[in-house]
Amino acid sequence: MSYEEGIERNCVMHTLLTESPKKAAQCIAQGEIVAFPTETVYGLGANVFDERALRKIFVAKKRPPDNPLIAHIAEFADIDLLARRVPRSAEKFIEEFFPGPLTVVLAKRQSVPLIATAGLPTIGIRMPHHPVALAFLKACDVPLSAPSANLSGTPSPTTWRSVAADLDGRISCILKGGHTNVGLESTVVDCTGPVPRVLRSGAVTLEQLRDVIPSTRVAAQGKAGPPKSPGMKYRHYSPRARVIIVSSPRRIGSATNAAYIGMEVVQGISEFRLHRICSSVEKYAHELFDFFRLCDNAHVSVIYCQSVVPKGLGLALMDRMKRASH
Ligand code: TXA
Ligand code: MG
């Protein structure tokens, strides 16, 4: 029996599996950590104000201690618990995109423990759109710090089975939900400076942000000095297989022990161990991380990914593919 089949039959789980937001919230109240679905990817949550529980997140994920966590809220009033002030730019983004796949970075309140923000004076805040996430957050009655619910460096989990594959036995509970809708992580926008800066592209597109605040720009990467978004310096989203981005399926080398994902069909597609043709950029984003994990389970050695136009959601998709290919 494969691990996946085992999970399916609930017989290799060392972690509580539940569909009850209330049961999962009881674990949070007891200082435990819980994986839960959101519209982007699954998160691994702990009470923002519980330092011991927050430490468990870093241990379970093997997360570098200098990588800050995003705080998840269900009520607009909770922003005041976390942020010292909300500049006009953030107010506008919040009005337009909360609840949804956008994280705003604001100056944090002193009452938020430094471990939640990895020592930074700022905090990322987001209100997920997913009904199970919202029900869970409401049942917890406290904001939850939550990174993606994977081992650091692996592709973010878009199904509870992917969470279990990485974290079974390392966390107390998984709140079950379906496949996440978007499949890529939230857009992170820093609102602490004179103009909003996108630190990580995501499902809320640069174009959408600029419709609200035209001066919004993408933060320059790789400049000297400490990275503004520490998480972006780490190896990310990477399957064990080598990832090669190709502009056209015609540029693919050998299909031996290889996989292909893209929007166009490749000649001789049946020779690939695994392949997935996506009919839109949205579907491609939805499938990418899941496909990476499938390829690793099948011990594929190379994954060819067809590039997309880096516009709209395509910008985030290309970002994740480039990081995976490094
Ligand atoms: O969609 C998402 O954002 C998912 C779901 C669970 O909400 N969460 C997620 O968390 O992707 P994580 O920890 O895997 O990625 C958070 C990113 C990292 O790149 C981190 O450096 C950045 O957000 N970040 C968090 N707080 C920050 C802050 N105060 N300043 C700058 N960057 C921050
Ligand atoms: Mg992550």
**Report entry** Residues whose placed amide H lies under 5 Å from that of Leu17, excluding near-sequence neighbours
**Finding:** Ile174
Report summary line: Between the modelled labels at Asn297 and Thr256 (7 Å from Cα along Cα→Cβ) the distance in nm is 2.7
Report summary line: For Lys108, other-chain or 5+-apart residues with amide H closer than 5 Å (H placed, Pro excluded) are Arg84, Thr122, Ile123
Query raised in the report: What residue among Gly124, Gly314, Gly169 shows peak mean-square fluctuation when the chain is described by a Gaussian network model with Cα springs under 10 Å?
Result: Gly169
Query raised in the report: Rg(Cα) of the stretch 3-185 divided by 2.2 N^0.38 Å?
Result: 0.96
Requested in this report: Please list the non-local residues whose amide H lies under 5 Å from the amide H of Thr103, H modeled 1.01 Å from N, same-chain partners needing a gap of 5 or more.
Outcome: Thr187, Val188, Val189
Report summary line: Going residue by residue through the stretch 67-79, the Karplus relation 6.51 cos²θ - 1.76 cosθ + 1.60 with θ = phi - 60° gives ³J(HN,Hα) values, rounded to whole Hz and with x marking Gly or Pro, of 9, x, 9, 8, 8, 10, 10, 10, 10, 4, 4, 5, 4
Query raised in the report: For the chain, which span is the longest to avoid every loop-located (per DSSP) member of GluC sites (Glu not before Pro) having at most 16 other Cβ atoms inside 10 Å?
Result: 76-263
Query - Estimated distance in nm for a label pair at His179 and Ser307, the labels positioned 7 Å out from Cα along Cα-to-Cβ - result: 2.7
Requested in this report: With a point put 7 Å past each Cα toward its Cβ, work out how far Arg52 is from Val246 in nm, to one decimal.
Outcome: 5.4
**Report entry** Geometric extent, Cα atoms of the stretch 275-316 - Rg, Dmax (angstrom)
**Finding:** 11.0, 32
Requested in this report: Mind checking the full-extension length gain between Ala29 and Ala118? Use 0.36 nm per residue of separation minus the Cα-Cα distance, one decimal, nm.
Outcome: 29.8 nm
Query raised in the report: Within the stretch 104-206, which trypsin sites (Lys or Arg not before Pro) sit in a loop by DSSP and count at most 14 neighbouring Cβ atoms inside 10 Å?
Result: Arg109
Query - Mean Cα-pair separation over length for the chain, i.e. relative contact order, pairs under 8 Å, 6 or more apart, % - result: 20
Query raised in the report: Per residue, how much space in cubic angstrom lies within the convex hull of the C-alpha atoms of the stretch 242-325?
Result: 76
**Report entry** Paramagnetic reach from Arg109 in the stretch 55-69 [backbone N under 13 Å; point 7 Å along Cα→Cβ]
**Finding:** none
Query raised in the report: Rounded to whole Å and sorted largest first, what semi-axes of the equivalent ellipsoid does the C-alpha gyration tensor of the chain yield via the square root of 5 times each eigenvalue?
Result: 31, 25, 16
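Each value in this text was obtained by applying a stated rule to the coordinates, not by laboratory testing. Computed from a predicted structure; not experimentally measured. Note: ideal-geometry Cβ built from the backbone for every residue, glycine included; neighbour counts use all protein chains shown.
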